[in-house]
1. Using a basic spin-label model with each label point 7 Å from the Cα along Cα→Cβ, how many nm lie between ASN92 and THR228?
2. Between SER189 and LYS172, with labels modelled 7 Å along Cα→Cβ, what's the label distance in nm to one decimal, could you check?
3. Quick one: grab the alpha carbon gyration tensor of the chain, order the square roots of its eigenvalues as a ≥ b ≥ c, and give me rounded if a/c is under 1.5, else prolate or oblate depending on whether a/b is larger than b/c.
4. Hey, can you rank 101-112, 180-191 by average C-beta count inside 10 Å, highest first?
5. Between THR44 and ALA78, what FRET efficiency comes out of the Förster formula 1/(1 + (r/R0)^6) with R0 = 22 Å and r the beta carbon distance, rounded to 0.05?
6. Using a 1.4 Å probe on the protein chains only, how many percent of the accessible area of segment 1-143 belongs to carbon and sulfur?
7. Roughly speaking, what % of Cα-Cα pairs in segment 70-187 are separated by over 22 Å, rounded to a whole number?
8. Excluding same-chain residues fewer than 8 positions from LYS172, which aspartates and glutamates have a Cα within less than 13 Å of its Cα?
Amino acid sequence: MPSSSDNSPLIKTRLEALQERIGLACARYGRNVADVTLIGVSKTKPVEDIVSAHDLGLTHFGENYLQEAVDKIKGLQALNAQWHYIGTIQSNKTRDIAEHFDWVHTVDRMKIGSRLSAQCPQGKTIKVLVQVNIDSDPNKGGCPSSQTASLVHELLEQPNLEIRGLMTILSKDSEPRASYESVAQLSASIGQGLNPEQRKDWGSLSMGMTGDMDEAIAAGATHIRIGTALFGGR
């Protein structure tokens, strides 16, 4: 397995600053810091940087580019890490995603969900978030808000998927706090329609990046996707 990188001291400083920022936001908005998971978005970054972050205690990593991610995951099998797929999903990529990732944040249609379930390795289940296009932005992926509850209920019938909640990527023109609160309200509404067994796994909200993580935490985010503020620019 690769060793840690020469960037390790810088990553340590950045990670500590992020953890402090998350802690302050949680205190400000009455959240429990243990309920917010920091995902290090490691796309385009070398495996040595991932090892450095892992050595510092980070265990959740997000990747956008499938082939790059698969190569990294294979090379880092010794790490006790959770891998999150946060990129666009094409139908011909679902087998590799199902095989290598623990979480998939970007399911926005039934075809993708059914393929992930069917291609999931025996004995494995995948934690799934439904991507919702909360701002109705034609340039963003995601299920329309009005169709999200229906998609969730369809996905719940898939045997190898654990449907955990919602994910969003905001329009560049959106007001983050308002949009994130809309996602949280949609999640709560969907949760009310689930049975007790389904509801116990429901409630994850993947929303918030470097620039708006405070607003996301205020609105109830459980997973924050951070790349630049941890690993530097690309």
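1. Label-label distance for ASN92 and THR228, simple model: 3.3 nm.
2. Roughly 2.9 nm, to one decimal.
3. Working: a/c = 1.72, a/b = 1.17, b/c = 1.46.
Verdict is oblate for the chain.
4. Details: 101-112: 21.3, 180-191: 18.8.
In decreasing order of mean packing, 101-112, 180-191 become 101-112, 180-191.
5. Details: r = 22 Å, r/R0 = 1.01.
Efficiency for this residue pair is about 0.50.
6. Working: 2970 of 6680 Å².
That share works out to 45 percent.
7. Details: 2363 of 6903 pairs.
For segment 70-187, the share of Cα pairs beyond 22 Å comes to 34 percent.
8. Hits, sequence-local ones excluded: ASP135, ASP137, ASP212.
The values are calculated or read from the model by the stated rules, or taken from the named source; none is laboratory data. Quick caveat: nothing in here was measured; it's all calculated off a predicted structure. Quick reminder, even Gly has a Cβ in these numbers, built from the backbone with ideal geometry, and neighbours come from all protein chains shown. Each accessible area value is taken on the protein alone, full model and side chains, heavy atoms only, with ligands, DNA and RNA left out. Shrake-Rupley method; radii C 1.70, N 1.55, O 1.52, S 1.80 Å.
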